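Everything below concerns the one structure shown next.
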C-alpha cells in the first residue's frame, strides 16, 4: 500500500514539474513576443493619432487664397514613412505568430494587431479625400503619379470637409482596433503571468 502511495506522489511531483514548465513557456511566450508587439503597436497608434491631429490642425488653419494643398499632402507622405519599417515588421510578425500558434487567445491577439496595422490612416484614400486634382489623369497612372502630382493638388472647402470627416473616421477605427488589441493583450497578460 505504501509503495502505491509513493508511486502516486512521484507521479504528482512529475505533474507539478510539467505544470511549472508550461507556466514558464507561457510566461516566456508573453514576455518575448506578445509584450514587445503590444509596446510597438502602442507607439504606432500614438503616431497615427499624431499624424491625424497634425493634418487636422493644418486643415483648420488652411488659407485657401494663399496655399496649395501640396504642403499638406507632402507632410502626410513624409509622416507616413516615420514608422513604416516597424509597421511592416509588426504585420509580418503578428501574421506569423497567429498562423503558427494553435492557441485561440494568441491568434485573436495577433489578428487584432494585424487588423489595426492594416487601417493605416495615411493612405491614398486619405490623400484623395484631401485633394482635388487640377488635372485629370487616367486610372492606370493614378497610383504611380500621386507623388509627382503633388504640385497640382488644390484643397477646396469641400475636399477639406471630406478630409476632416475621414480624420474622424480613421480615429474611430484606430481607437476601436486599439481597444480590441488591448483587451486581447490584457487577457493574455492575466492568463500567462498569473
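The values are calculated or read from the model by the stated rules, or taken from the named source; none is laboratory data. These numbers were taken from a predicted model, which means no experiment stands behind them. A quick note on method: Cβ atoms are made from the backbone with ideal geometry, for glycine too, and the neighbour counts reach across all protein chains shown.
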Exercise for review: Go through (1) farther than 21 Å from residue 118 by Cα; (2) touching a helix residue (DSSP H, G or I) at 6+ places or on another chain (Cβ under 6 Å) and name the single condition residue 48 misses.
Suggested key: (1)
Check your understanding: Is it the case that residue 128 is in a helix (DSSP H, G or I), touching a helix residue (DSSP H, G or I) at 6+ places or on another chain (Cβ under 9 Å) and at pLDDT below 70?
Key -> yes
Check your understanding: Which members of the range 145-160 meet the condition of being assigned to a helix (DSSP H, G or I) and either modelled with pLDDT of 80 or more or under 16 Å from residue 70 (Cα atoms) (or both)?
Key -> 150, 151, 152, 157, 159, 160
